[in-house]
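Notes follow the structure.
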């Protein structure tokens with residue numbers, strides 16, 4: 001392992017340790033250490049769940065493109081795809097734990113699952129997908145595992161033709177991987193979209209939009225790791241071109257679905273729809289501009305063949321797309337929670353929309369006991385816990401690339 | 001038997017005795033309010049900022065028949081009894097707060113910290129205690145406890161502990177305006193059913209399809 005890798009790993013380790021420490025303190029003191037309250041009851045942690053689930057889409061893109069649609073140019077990156085999928089889906093499950101008030105009771109999900117809850121469906125598909133990604137990674141690495149020593153040699157399946165076996169089973173599993181991968185995005189979107197109480201979420205466009213955004217950011221994650229591992233040599237240019245076109249297509253479908261929804265709601269103009277749109281487009285106008293313009297800039301960069309020949313160009317493009325989709329996930333919350341579902345037109349002033357305030361549940365001397373608006377911003381505890389899980393993803397990928405035959409030499 | 005409540009807004013004087021009785025009887029942690037009374041149109045607590053007719057609206061768990069909170073709960077901690085009451089098992093809740101996102105009425109309260117820390121933060125005097133002193137279990141599920149632990153969600157439980165003793169909920173007994181009534185909504189001859197029928201009873205947010213078991217009677221006269 002080179003010096004730069006060691007330094008990176010140390011930094012990731014330190015951030016993970018800081019995140020773990022913050023979680024311990026949060027376990028001791030309670031979720032009072034976050035900036036959430038009774039009216040604004042989900043924040044960075046749940047946004048991060050959606051973010052990581054989306055990033056896990058890359059594995060699907062690679063495996064189904066290679067084995068279902070025959071795009072063999074992407075084959076060198078197949079292992080990276082499976083690895084990124086596993087790392088991100090593991091992070092998605094990890095980031096839910098600090099959001100729970102009683103994380104030690106998480107076993108209740110196994111003891112008393114309530115099958116009507118979309119959260120139970122999500123736990124099932126996320127675990128399935130994590131398992132499938134690991135099996136996929138193993139299968140793809142199989143031809144190179146026998147040459148290794150120690151534990152890697154011991155876990156190698158004794159088959160006559162490892163390369164053929166790997167290829168056959170990767171092809172057979174590809175349809176299941178496709179279904180499971182689409183499943184994690186659709187079910188995660190359903191957690192929100194089923195909620196009739198929240199106008200911002202309650203739209204049939206959320207699940208397809210979730211898939212589109214995930215295909216953009218998930219592929220960008222794989223492309224980022226691929227360029228870091230393999231560089232920008234000529235033999236990879238066709239793979240980068242295919243991925244860039246795929247990311248661009250997914251991103252434009254996402255933008256189309258999002259604004260399609262906005263236009264329909266804005267045109268009819270119910271009070272609730274106007275309020276949610278005003279929150280997203282005015283109060284969070286800068287964030288909204290970023291969620292659209294940053295990935296757009298990233299797509300423009302990646303679509304340029306000259307940019308794709310430079311490491312920094314590809315990295316910048318991918319990071320802009322990932323950052324934009326992250327802000328998109330953050331914006332799941334403000335318009336959902338700052339538009340009170342219970343509003344009244346007071347008798348005698350029928351044309352005003354009055355939000356019924358909710359007891360905030362937390363004491364702050366200058367603030368009201370009952371609130372109908374909260375400018376949520378994550379606390380240092382929330383940010384460090386999120387950063388810890390993000391570092392976990394980076395460290396896991398870094399260690400796996402170093403220890404396992406993920407990157408083919410030569 | 002479907003246990004329901006009727007709140008007569010004509011009789012409500014906006015005194016908030018129900019909210020206070022509820023908070024005290026149910027030992028609600030500092031900052032938590034299962035029951036609140038709002039003045040539609042007001043900026044703060046009592047007066048409306050624009051010229052309009054004033055009335056008061058008490059809001060707590062609506063004990064919906066099609067309860068989104070029951071459907072989203074991944075572990076069945078929030079559940080519905082045979083008489084339609086929505087309860088929370090304090091020992092099973094994992095604190096994911098999905099129910100709080102799902103509830104359109106904003107009645108669910110989370111314990112962001114331990115009761116003790118909360119009391120200190122709110123500067124309650126030392127050793128000040130309040131609330132029904134015994135834990136209450138229904139079918140071996142802990143639906144009321146005088147001491148709350150952090151990290152679980154709570155809300156109005158229709159005073160399940162008092163119902164077991166044949167008593168009405170604290171808010172009903174404490175209401176000086178006699179605005180609150182409980183009874184069987186399945187029985188067309190019950191007092192509550194008659195009131196809803198004869199006095200144009202309505203529910204909150206009927207468009208959400210939650211079919212609440214709490215009904216309101218419209219105010220006839222308003223203060224201007």
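Counting Cβ atoms of other protein chains within 10 Å of each residue's Cβ and taking the mean over peptide A:93-106 gives 4. When you count the other C-beta atoms within 10 angstrom of each residue and take the mean per peptide, A:354-366, A:233-245 line up highest first as A:354-366, A:233-245. Ordered by the number of other Cβ atoms lying within 10 Å of each residue's own Cβ, fewest first, A:352, B:78, A:280 fall into the sequence A:352, A:280, B:78. Listing A:229, B:64, A:84 from fewest to most neighbouring C-beta atoms within 10 Å gives A:229, B:64, A:84. Rounded to the nearest 10 degrees, the angle from helix A:237-268 to the longest Cα principal axis of chain A is 20 degrees.
Quick one: pull the percentage of alpha-carbon pairs in region A:81-141 with a separation above 14 Å. Everything past 14 Å amounts to 63 percent. Within region B:174-213, name every residue whose backbone N is under 20 Å away from a label modeled 7 Å from Cα of residue B:220 along the Cβ vector. Once the point is set 7 Å along Cα→Cβ of residue B:220, B:176-181, B:191-203 turn out to lie under 20 Å by backbone N, inside region B:174-213. Dividing the summed -39500 (n - 2.57) terms of all DSSP H runs of n ≥ 4 by the residue count of chain B sets its mean residue ellipticity at 222 nm at -4500 deg cm²/dmol. Estimated at 0.36 nm per residue, the fully extended path between residue A:345 and residue A:377 surpasses their Cα-Cα distance by 8.5 nm. For chain A, the equivalent ellipsoid built from the Cα gyration tensor has semi-axes of 39, 24, 20 Å, listed from largest to smallest.
Spin-label model, residue B:200 to residue A:310: label points 7 Å out along the Cα-to-beta-carbon direction sit 7.1 nm apart.
Distance between the pseudo-spin-label points of residue B:80 and residue A:252 (7 Å out from Cα toward the beta carbon): 4.7 nm. In whole Å, how far is the Cα centre of region A:283-331 from that of region A:337-410? So the separation of the two Cα centres works out to 22 Å. Among B:208, B:116, the ranking by other beta carbons within 10 Å of each residue's beta carbon, starting with the fewest, stands as B:116, B:208. Each DSSP beta bridge with both residues in chain B is either parallel or antiparallel, and the antiparallel ones are about 85%.
Using the Cβ-Cβ distance between residue A:238 and residue A:168 with R0 set to 22 Å, the FRET efficiency works out to roughly 0.30. If you run the Gaussian network model on chain A, springs between alpha carbon atoms under 10 Å, then out of A:388, A:54, A:30 the most flexible one is A:30.
Against chain A, whose longest principal axis is taken from its Cα atoms, helix A:118-145 shows a tilt of about 20°.
The mean sequence separation of alpha-carbon pairs under 8 Å and at least six residues apart, normalised by the residue count of chain B, gives a relative contact order of 33 percent.
Kirkwood hydrodynamic radius of chain B, from the reciprocal of the average inverse Cα-Cα distance over all distinct pairs: 18.2 Å. Estimated purely from DSSP H runs of n ≥ 4, each contributing -39500 (n - 2.57), the mean residue ellipticity at 222 nm for chain A is -22000 deg cm²/dmol once divided by its residues.
Legend: calculated FRET efficiency, residue A:263 to residue B:15, from the Cβ-Cβ distance at R0 = 41 Å, rounded to 0.05, equals 0.30. Quick one: angle between helix A:380-403 and the longest Cα principal axis of chain A, in degrees between 0 and 90, rounded to 10, please. For A:380-403 against chain A, the angle is about 10 degrees. Taking a ≥ b ≥ c as the square roots of the eigenvalues of the Cα gyration tensor, region A:287-395 is oblate, since a/c reaches 1.5 or more and a/b is not larger than b/c. Each label point was placed 7 Å from the Cα along the Cα-to-Cβ direction; for residue A:179 and residue B:66 their separation is 3.1 nm.
Every read-out reported here was derived from the displayed coordinates using simple, explicitly stated rules and does not represent laboratory data. Since the model is a prediction, treat every value here as computed from it, not as a measurement. Cβ: placed from backbone, ideal geometry, glycine included. Neighbour counts: every protein chain shown.
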